[in-house]
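The values are calculated or read from the model by the stated rules, or taken from the named source; none is laboratory data. Please read these numbers as outputs of a predicted model, since none were measured by experiment. Methodologically, a virtual Cβ is constructed for each residue, glycine included, from the backbone with ideal geometry; neighbour enumeration extends over all protein chains shown. All accessible areas refer to the heavy atoms of the entire protein, side chains included, with ligands and DNA or RNA removed. Shrake-Rupley method; radii C 1.70, N 1.55, O 1.52, S 1.80 Å.
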Amino acid sequence: MPGAPTIREALDAAQQATSRIEARVLLREVLQQSDVWLLAHDDELLTAEQAQQYVALVVRRVAGEPIAYITGRREFHGREFKVTPDVLIPRPETELLVELALQRLLAGAPARVLDLGAGSGCIGITIAAERPQVQVTLVDASKDALKIAQVNARQWAPANTTLLHSDWYSAIGEERYDLIVANPPYVAEGDAHLQQGDLRFEPRTALAAGVDGLSDLSRIIAQAPQHLAAGGWLLLEHGFDQAVACAWLLEAAGLQDVFNAPDLAGMPRVSGGRLDV
Ligand code: GLN
């Protein structure tokens, strides 16, 4: 019977099935060690149990399961967030939404922020962590998602975050906010991407929104004027081909200073507008 492999042999074998970087991420997970440690110890033997655990993780990855769901976490804007299949995996392009929000929240100035459809909480919690004087309310229609957001909020911004079970604005009452952010579902239900890659494993309710992907965006925009304070901003992430529709919806809702901003790939990704002062 062949013995257990060395770290190098295990990585070489796993690399055939996935990529070098993913092979390393998964082995780090099994051994609870850093990349540097793996490099320095690459001729050490795995135990039979570690080898078995490693094979099991590689098999899950080869079956398509997202790395973030296998490891249970994903980095976003410099912080690590807990993720499970109950929440969308934080994506780098969403950091643009956070940047645009932070630009509108001057350091030291108190403000009320609402994160609609918070999921893991990465948007609202990052804002709360970067702007301790701001009060952030995070809402989600999924109680399972709120449990994950709760863990992340406790980790990064326990003092200035509040979680609320709410279907968009349904449970927030008369409260008005200086800034509303959302990364709602915006993929068209028939979009082939839903059957590809990580999206196959993510909550469908966090991704798909009607035949044109606009049903949640239009609801959020139409009701925003009742929930914004005077001069308050609404900022939304959307699909690369939805900027014109969003601009139209924002203007139809009576918002001012409507704009669109491109993500790092040059795709229109975030639109916004503000309520009259
Ligand atoms: N940007 C995601 C994608 O990969 C979609 C996220 C969303 O619907 N909010 O398509």
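Where only DSSP H runs of four or more residues are counted, the chain gives -10500 deg cm²/dmol as its mean residue ellipticity at 222 nm, each run worth -39500 (n - 2.57). Residues in the range 220-225 carry Karplus couplings, in order, of 4, 5, 4, 8, 4, x Hz; the curve used is 6.51 cos²θ - 1.76 cosθ + 1.60 with θ = phi - 60°, and Gly or Pro positions show x. Other residues lying with their Cβ under 13 Å from the Cβ of residue 199 contribute a combined charge of -2, Lys and Arg counting +1, Asp and Glu -1. Restricting attention to the chain, close to 40% of DSSP beta bridges with both partner residues there are antiparallel. Note that the range 7-63 carries a Kirkwood radius of 11.0 Å, evaluated over its alpha carbons pair by pair. In a DSSP loop and with at most 15 other Cβ atoms within 10 Å, the GluC sites (Glu not before Pro) in the range 17-59 are 44. Of the accessible area of the range 1-159, computed with a 1.4 Å probe over protein heavy atoms only, carbon and sulfur atoms account for 52 percent. Per residue, the range 84-274 exposes 43 Å² of accessible surface when a 1.4 Å probe is rolled over the protein heavy atoms with every protein chain present. Could you compute the net charge surrounding residue 277? Neighbours are other residues with a C-beta less than 12 Å from the C-beta of residue 277; K and R count +1, D and E count -1. That works out to -2.
Projecting the Cα atoms of 199, 139, 160 onto the charge dipole of the range 84-274 (Cβ charges, centred on the Cα centre) puts 160 farthest toward the positive pole.
Under a 5 Å amide H cut-off, with hydrogens placed 1.01 Å from N, residue 166 pairs with 140, 141 among residues at least 5 apart or on other chains. Rolled with a 1.4 Å probe across the full set of protein chains, the surface gives residue 198 an accessible area near 50 Å². The distance from the alpha carbon centre of the range 85-114 to that of the range 132-155 is 13 Å, rounded to a whole number. Taking the C-alpha atoms only, the angle from helix 7-17 to the longest principal axis of the chain is near 60 degrees. Choose one answer from 212, 12, 115: the residue with the largest mean-square fluctuation in a GNM of the chain with alpha-carbon springs under 10 Å. Top of the fluctuation ranking is 12. Applied to the range 33-46, the Karplus parametrisation 6.51 cos²θ - 1.76 cosθ + 1.60 on θ = phi - 60° returns per-residue 3J(HN,Hα) values of 10, 8, 4, 4, 4, 4, 4, 6, 10, 6, 9, 7, 7, 6 Hz, with x for Gly and Pro.
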